[in-house]
Amino acid sequence: MATILKRKGPNGKPVWQAQIRKKGYPAQIRTFDLKTDAQKWAKKIEHEMDAGLWRDSREASLFTLGQALDRYLATITTKKRPKTQTSEHLSAKHLKKRLGQLSLLQVTPEKVATYRDNRLTEVSANSVRIELALLSGVFNIARREWSFNGIENPVNLINKPRIPEGRCPILSEDEIGRLLDESKKATTKLLYPFVRCEPSTVKCTIAIFSAMD
């Protein structure tokens, strides 16, 4: 049976430490901000041990999110399109600033939700969704390809920011001309015929036009 202890955290705020000591297995100890999270984790680990499915997560407890992001950027991001690489490097910068010092095990849904809420006061919902998508990708790769045991993707357990419905402005003739010129240069050959229409009636979202910058 797991033991759940209330401790004093680094900033003086109470935290909850779950301790599992089961014969035949190394002691498992993790600290959570919420008692319910500690109880859920302990129950999950005990179930895995009883079913013979448990895998040692010590490696994940020593590997920081900052290190995981650097590895992802070096091995996964480099295979993507230049624009995506630029976007993921920028997202990684913000993630490392707020969460990079935490181990993969310490990046809990609560911490990710706090990150989401704080970032929403600084940037758009779409920007936050892009950053969370990178974080999700890192955890998926860490589990499937890097063999980090005992971790879950925290992004799957939180609500993603909703993108408000945007307005559909009518572009000026100069803007329409620029949009058509830039679409001709796009690597996607179908983009130009897709956006081409009469200047007097054209309507398009600002997102498409901004993408040409």
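The values are calculated or read from the model by the stated rules, or taken from the named source; none is laboratory data. Computed from a prediction, not measured in an experiment: that's the story for all the values here. For neighbour counting, all protein chains shown are included, and Cβ atoms are generated from backbone atoms with ideal geometry for every residue, glycine included.
Of the residues 171, 179, the single one that is over 15 Å from the mean Cα position of the chain (by Cα), part of a loop (DSSP other than H, G, I, E, B) and either modelled with pLDDT under 90 or not aliphatic (A, V, I, L, M) (or both) is 171.
Could you say whether any residue in the stretch 131-143 is among the hydroxyl-bearing types (Ser, Thr, Tyr), buried (at least 16 other Cβ atoms within 10 Å of the Cβ) and farther than 14 Å from residue 70 by Cβ? Yes, the stretch 131-143 contains at least one residue that is among the hydroxyl-bearing types (Ser, Thr, Tyr), buried (at least 16 other Cβ atoms within 10 Å of the Cβ) and farther than 14 Å from residue 70 by Cβ.
Taking (1) modelled with pLDDT under 95; (2) of a type in the set (A, V, I, L, M); (3) closer than 30 Å to residue 25 by Cα in turn, residue 155 satisfies each apart from (1). Quick one: is residue 129 assigned to a helix (DSSP H, G or I) and out of contact with any strand residue (DSSP E or B) (no Cβ under 6 Å at 6 or more places or on another chain)? Here the answer is yes, as residue 129 does meet what is asked.
With respect to being under 20 Å from the mean Cα position of the chain (by Cα) and buried (at least 17 other Cβ atoms within 10 Å of the Cβ), residue 61 fits the description. Let me spell it out: the conditions are (1) modelled with pLDDT of 90 or more; (2) β-branched (Val, Ile, Thr); (3) within 21 Å of residue 154 (Cβ to Cβ), and residue 86 meets all of them except one. Which number is the exception? All conditions pass for residue 86, except number (3). Do you know which residues across the stretch 34-47 are among the charged types (D, E, K, R) and surrounded by fewer than 14 Cβ atoms within 10 Å (Cβ to Cβ)? Residues satisfying the conditions are 40, 43, 44.
The number of residues in the stretch 2-49 being in a loop (DSSP other than H, G, I, E, B) and in contact (Cβ under 8 Å) with a residue 40 or more places away in the chain comes to 3. Starting from residues that are surrounded by fewer than 15 Cβ atoms within 10 Å (Cβ to Cβ) and among the hydrophobic types (A, V, I, L, M, F, W, C), keep the ones in the stretch 5-28 and report whichever is modelled with the highest pLDDT. Per the criteria, the residue is 5.
Checked against (1) over 23 Å from residue 34 (Cα atoms); (2) outside the structural domain of residue 195 (by TED's automatic domain parsing), residue 100 meets all criteria but (1).
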